[in-house]
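Data block below; observations after.
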Amino acid sequence: MRKAIGGSLRLDRGEVRELVGVFALFLLGLLLRIAPLKGALVGGDVLFYGSDSFYHMRRVLYTVDHFPHTLWFDSYLDYPKGLELMWPPLFDQLIAGTSLLFGAESQRSIEIIGAIVPPILGSLTVVALYFLARELFGRRVGLLSALFLAINPQHVSATIFGRPDHHVFEAFLLVNVVLFLTLALKSREKRSRFAAVAGVLMAALAYTWIGAAAYLGIFLAYVAIQTTLDLRQRVSSKNDLLIFLAAFGVALVLMLPFWKEPWLRPSFFAAVGILLVILVLLALSRWFLERNLPWATFPLIVVTLGYVLLISAYALGQSMGVHHLLDSGLSYFFGGNLSQKVAEAVPLYSAVKPLSVTGFNLTIAVMGFAHFWRSDIDRPQLLFLVWTVSILFFAIFQNRFLYVFSASMSILMTLFFFRAAAIVGDSEWAQKNRNISKFFAPALLLLLILPSTASDVDVFAVRPAIVEDGWNQPLIWLDENSMETTSFLDPNQTPEYGVLSWWDRGNWILYRSRRPVVANGFQAGATDAARFFLSVDEKEALRIMDNRRSRYAVTDSKMLRSGLSAIALWTDESPTDYVKKTEDEDALAYKHTEKFLGSTLARCHLFDCQGMSHLRLIYESEPKVGSVLPANQVKIFERVSGARIAGTSNADEPVVAVLNVTTNQGRRFEYTKNAVPRNGRYEMNVPYSTEGEDGVHAIGPYLVSSGGKSRLVDVGGEDVLQGGEIAVDF
C-alpha cells in the first residue's frame, strides 16, 4: 500500500489482487461453514450440531434476559443437586450481546444469531491466518495457508452453522494472539501497541476457555528458548522480554476483577507465574551477559528455577489450591480418566486412521517441518514453531486439539508444497524435462487440496446428531406429555423431578424437553447414570433413581453398542464384561454377554421392562435405519409405584400375570410377571395399567393364573401411579 501525492490511499494491482484473493477465501470459508444450515433448520426450529452447543444456547438465552450477567448455577444439572458452572462467560456473552445489538427478542431469532456466529468467526480465523502466515513467510504462503484452512475438515467441522461452541472463539483468539505477538517482534515503532493488543486477546482467551493457561505457557516456553539462543549469540533479549512483559501485564490487569472466580483462577495464576519467570529471565540473562557466563548453564538454571516454582505452587496448595489446579490441568491435557470415556479426549494415534483425510493432512504437515531444517529461523518464526509443536503435542494426547492445530497444519502444508516444488523445480530432471516438470507444482497442489475438498462435500448433507440419531421427536413428545417442571428459565430452585439418561444426551433433553437431567456434557452425574444402567437388581436401579428423584429414563440403541464401553468404564469395569465387538469388511457386530442381558439397560431397552415392577415403557421412536448397524431407536421409560396385585393361592407353582401391550409404534409385546406364594399368599407389583388406548397401552386386562385357574384383572392408571392394591384370590 502506498500513499498518493494528494493524500489519498491507493493500492497497486498486486495489492488489489491480494485483497480480492483474501476476500474470496473468506467467502469460500463462509460458504462451506454455512452449508449445514439446511440440516439445522427442522420444522421451523434451529437444531444445533453436537451436544455442548445446546447448553451454550441455554446459557445465551439466560444471558440475553440478564445481560451482562450469565448463568453460574443451574438446578437443572446434576439433578437434584444442581451444578456450579465452570465455563468462562465471554463466548456466551458475545452471542447474547450480538442478539441484543440486533434487537433479537424471540428464542428463534436468538438461536439464528447463535448459529451464524461460528461460521463468521471461523472465516475470520482464515483471514487472521493469512496475515500471520504472510508476516512469517510472505504473501504466497499467506494466501495458500488461508486456502488450506478454509477447506480444512477439522476447522470446518468445528465452525459450521449451528455449532455455537466456545472452541471456535478460542481458536480465533489464539491465532490472533500469535499474530500480534509476531507483529510486535517484527516492529520497532509499534511493538508496545501490538503487545498490548496481544495482552487484551490473552485476557479474552482466559475469559473464553478455562484451559487457556496451557496456551499462555506456550509463550513462556518460547521466551525461555529464545533467551537461551540469544545468550548463545551473546546478544540481549531485553526487547523481546519487554514485549511479553507488556502483553502479560495487560492480560493480568484485565483478569484482576474476577481473579478469584474458579473459572479464571487457572489463567490468572498462570499469568502471574509467567510474569515472574520473565522478570527472572530478564535479570538472569543480563547477569549472564555482564559476567560472560557460559550460555549452556542458562537452561539448567531455568529448569531448576521451574522446579522450585512448581514446588512452591504445591506449597501454596492449602491456602490457595494452586497445586490442585496443576494436578487437574495436567490430568485434563494428558489423558487422565477421560481419555477412554470421552471420544474427543482419545489420543490422536487412536482417533485418526493413517489413510483418512486427517491422517493425510497430518502427514503432509509433519513433512512441512522440513522447511525449518538448516534454515535461518528468525524470532517470529521460532514463536510459530514453538506454538505449533506445543499444540501438536496437546493433540497427540487429546485429538480435540486438532481444531486448533488446523491453523498451524495449514501453514505447514503450504511450506511443504513450496519446498517440494522448489526441490523438484531445481532438479536436473526438471531442467531436462521442462515440458513435463512444469505440471508438477499444479499437480502437487491439486493432490493436497482434493482430499479436504472431497471431505468438505459432506457438509452440504450433514444433519445434527439429535436428528440423525432420532432424538428430536422423542424429546418433543416428552416435553408435551410429561408434567412441566418449574424454574426452567431461572434455574435457582430445585425442580420437581429429573430425567436420567447417558451424559452425552443430557444437553439435548435439557434444551428440547426443558426437563432437569441427572447427567450431561459436564459429566456430573455420569457415574450414577452408568451404575443405574448396568445394575442387575431392580432395587438398586430404583435406589439410584429415587436418590436422584428421577421420574423418567431415556435410552437409545447406540447405548447398547458404541456407547456401552464408555458406560462400563464409568463404573470401573471392563467393557468386555458386557460386550464384545467384531469387525469385518461388511459389518460391525456387537455381541452382548449374559451379564449385560441381565442389566437394567438391557431389561428396559431390549425386553420392555419384562418382569420389572416399577419401570415401564411409555414411548418408543420410529427406528432410524442404519447403513451397517441395526436401526437406532429411542425409548422412554417411567418410574412408577406399580399396582400391587395380591391374594391367596394354595398352588405350589408361581402365580403368573400376563398382559398384551401395544406400543405407540404399533409393535406388540407380552409383559409377564411371576410371584411365588408363601404361606398361602402371594403379591406382585406391575407397572402397566389396562386403561387407555393411546401411546403404549394394554390390549385387554391382565391374565393372572395360578394352579390351573385364571382371572382377568383390570388395573387402573391411578393404581399404577399411586401403588394401589388389587385383590385376586385363587
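Quick one: count up the residues across segment 63-113 that are surrounded by fewer than 21 Cβ atoms within 10 Å (Cβ to Cβ) and over 28 Å from L254 (Cα atoms).
Result for segment 63-113: 11.
Taking the condition among the charged types (D, E, K, R), part of a loop (DSSP other than H, G, I, E, B) and either more than 24 Å from S482 (Cα to Cα) or in contact (Cβ under 8 Å) with a residue 12 or more places away in the chain (or both), does E691 pass?
Numbers: among the charged types (D, E, K, R): yes; part of a loop (DSSP other than H, G, I, E, B): yes; either more than 24 Å from S482 (Cα to Cα) or in contact (Cβ under 8 Å) with a residue 12 or more places away in the chain (or both): yes.
In short, yes.
Looking at segment 153-173, can you tell me whether even one residue there is outside any helix (DSSP H, G or I), of a type in the set (A, V, I, L, M), buried (at least 24 other Cβ atoms within 10 Å of the Cβ) and touching a residue at least 12 places away in the same chain (Cβ under 8 Å)? Talk me through it step by step, then tell me what you get.
Start the filter on segment 153-173 by keeping residues that are outside any helix (DSSP H, G or I), which leaves 159-165.
Narrowing further to those that are of a type in the set (A, V, I, L, M): 160.
Filter once more, so that each one left must be buried (at least 24 other Cβ atoms within 10 Å of the Cβ): 160.
Now drop any that are not touching a residue at least 12 places away in the same chain (Cβ under 8 Å), which leaves 160.
For segment 153-173, residues outside any helix (DSSP H, G or I), of a type in the set (A, V, I, L, M), buried (at least 24 other Cβ atoms within 10 Å of the Cβ) and touching a residue at least 12 places away in the same chain (Cβ under 8 Å): present.
Could you go through segment 177-196 and let me know if any residue there is among the β-branched types (V, I, T), under 21 Å from the mean Cα position of the chain (by Cα) and modelled with pLDDT of 95 or more.
There is no residue in segment 177-196 that is among the β-branched types (V, I, T), under 21 Å from the mean Cα position of the chain (by Cα) and modelled with pLDDT of 95 or more.
Restricting to segment 49-107, what's the tally of residues that are under 22 Å from the mean Cα position of the chain (by Cα) and within 20 Å of F258 (Cβ to Cβ)?
Residues that pass the stated criteria total 24.
Going by the conditions given, is R543 under 18 Å from L478 (Cα atoms), at pLDDT 95 or above and basic (K, R)?
Working: under 18 Å from L478 (Cα atoms): no; at pLDDT 95 or above: yes; basic (K, R): yes.
Against the criterion (under 18 Å from L478 (Cα atoms), at pLDDT 95 or above and basic (K, R)), R543 does not qualify.
With in contact (Cβ under 8 Å) with a residue 60 or more places away in the chain and in the same structural domain as L173 (by TED's automatic domain parsing) as the only criterion, which of V404, V389, V424 stands out?
Values: V389 fails: in contact (Cβ under 8 Å) with a residue 60 or more places away in the chain; V424 fails: in contact (Cβ under 8 Å) with a residue 60 or more places away in the chain.
Residue meeting the stated conditions: V404.
For segment 240-259, check the following and say yes or no: at least one residue is acidic (D, E), at negative phi and either in a helix (DSSP H, G or I) or not assigned by TED's automatic domain parsing to the domain that holds F384 (or both). First the steps, then the outcome.
So in segment 240-259, the residues acidic (D, E) come out as 240.
With the extra rule that they be at negative phi, the set shrinks to 240.
So of that shortlist, the ones also either in a helix (DSSP H, G or I) or not assigned by TED's automatic domain parsing to the domain that holds F384 (or both) come out as 240.
Yes: one or more hits.
Out of all the residues in segment 26-53, which are among the aliphatic types (A, V, I, L, M), buried (at least 19 other Cβ atoms within 10 Å of the Cβ), out of contact with any Leu (no Cβ under 6 Å at 6 or more places or on another chain) and under 18 Å from V457 (Cα atoms)? Can you show your working first?
Quick first cut of segment 26-53, residues among the aliphatic types (A, V, I, L, M) only: 27-28, 30-32, 34-35, 37, 40-42, 46-47.
Filter once more, keeping what is buried (at least 19 other Cβ atoms within 10 Å of the Cβ): 30, 32, 34-35, 40, 46-47.
Right, trim to out of contact with any Leu (no Cβ under 6 Å at 6 or more places or on another chain) and you get 30, 32, 34-35, 46-47.
Across segment 26-53, the qualifying residues are L30, L32, I34, A35.
Among what's in segment 8-56 and is outside any helix (DSSP H, G or I), hydrophobic (A, V, I, L, M, F, W, C) and closer than 24 Å to L124 by Cβ, pick the residue that is modelled with the lowest pLDDT. Lay out the reasoning, then the answer.
As a first pass, look at segment 8-56 and keep what is outside any helix (DSSP H, G or I): 8-12, 35-36, 41-51.
From what is left, the residues that are hydrophobic (A, V, I, L, M, F, W, C) are 9, 11, 35, 41-42, 46-48.
Remaining after also requiring closer than 24 Å to L124 by Cβ: 9, 11, 35, 41, 46, 48.
Details: L9: 46, L11: 56, A35: 94, L41: 91, V46: 93, F48: 95.
This residue is L9.
Restricting attention to segment 652-685, and to residues there that are in contact (Cβ under 8 Å) with a residue 60 or more places away in the chain and touching a Phe, Trp or Tyr at 6+ places or on another chain (Cβ under 7 Å), which single residue is surrounded by the fewest Cβ atoms within 10 Å (Cβ to Cβ)? Outline the logic, then answer.
Our first condition is that a residue be in contact (Cβ under 8 Å) with a residue 60 or more places away in the chain; within segment 652-685, this holds for 655, 669, 671-674, 684-685.
From what's left, touching a Phe, Trp or Tyr at 6+ places or on another chain (Cβ under 7 Å): 655, 671.
Values: V655: 25, Y671: 22.
Taking the candidates together, the pick is Y671.
Just wondering, is there one or more residues in segment 210-229 that are closer than 30 Å to L289 by Cα, modelled with pLDDT of 95 or more, hydroxyl-bearing (S, T, Y) and more than 27 Å from the chain's Cα centre (by Cα)?
Checking segment 210-229: at least one residue is closer than 30 Å to L289 by Cα, modelled with pLDDT of 95 or more, hydroxyl-bearing (S, T, Y) and more than 27 Å from the chain's Cα centre (by Cα).
Specify the residue that is farthest from G563 (Cα to Cα); the eligible residues are those in segment 446-462 that are in contact (Cβ under 8 Å) with a residue 24 or more places away in the chain and surrounded by fewer than 16 Cβ atoms within 10 Å (Cβ to Cβ).
Step one: list which residues in segment 446-462 are in contact (Cβ under 8 Å) with a residue 24 or more places away in the chain, which gives 448-449, 451-456, 459-462.
So of that shortlist, the ones also surrounded by fewer than 16 Cβ atoms within 10 Å (Cβ to Cβ) come out as 453-454, 460-461.
Details: T453: 31, A454: 29, F460: 27, A461: 25 Å.
Taking the candidates together, the pick is T453.
If you scan segment 286-302, which residues turn out to be over 12 Å from I225 (Cα atoms) and not hydrophobic (A, V, I, L, M, F, W, C)?
R286, E290, R291, N292, P294, T297
Name the pairs: first residue in segment 463-481 and more than 15 Å from Y511 (Cβ to Cβ), second residue surrounded by fewer than 19 Cβ atoms within 10 Å (Cβ to Cβ), Cβ to Cβ under 6 Å, at least 6 apart or on different chains?
G470/K624
Of all residues being at pLDDT 75 or above and outside any helix (DSSP H, G or I) in segment 285-319, which is surrounded by the most Cβ atoms within 10 Å (Cβ to Cβ)? Just the residue, please.
For segment 285-319, the residue satisfying everything is W295.
If we keep just the residues of segment 530-547 that are surrounded by 20 or more Cβ atoms within 10 Å (Cβ to Cβ) and out of contact with any Lys or Arg (no Cβ under 9 Å at 6 or more places or on another chain), which is nearest to R163 (Cα to Cα)?
In this case the residue turns out to be A530.
Can you tell me which of (1) of a type in the set (V, I, T); (2) under 21 Å from S452 (Cβ atoms); (3) modelled with pLDDT under 90 is the one V404 doesn't meet?
Of everything listed in (1) of a type in the set (V, I, T); (2) under 21 Å from S452 (Cβ atoms); (3) modelled with pLDDT under 90, V404 misses just condition (3).
Considering segment 107-154 alone, what residues qualify as being over 22 Å from F194 (Cα atoms) and polar (S, T, N, Q)?
Those that are over 22 Å from F194 (Cα atoms) and polar (S, T, N, Q): Q107, S109, S123, S145, N152, Q154.
The values are calculated or read from the model by the stated rules, or taken from the named source; none is laboratory data. Bear in mind that the values here come from a model prediction, so they are computed numbers and not experimental data. Every residue, glycine as well, gets a Cβ built from its backbone with ideal geometry; the counts of neighbours run over all protein chains shown.
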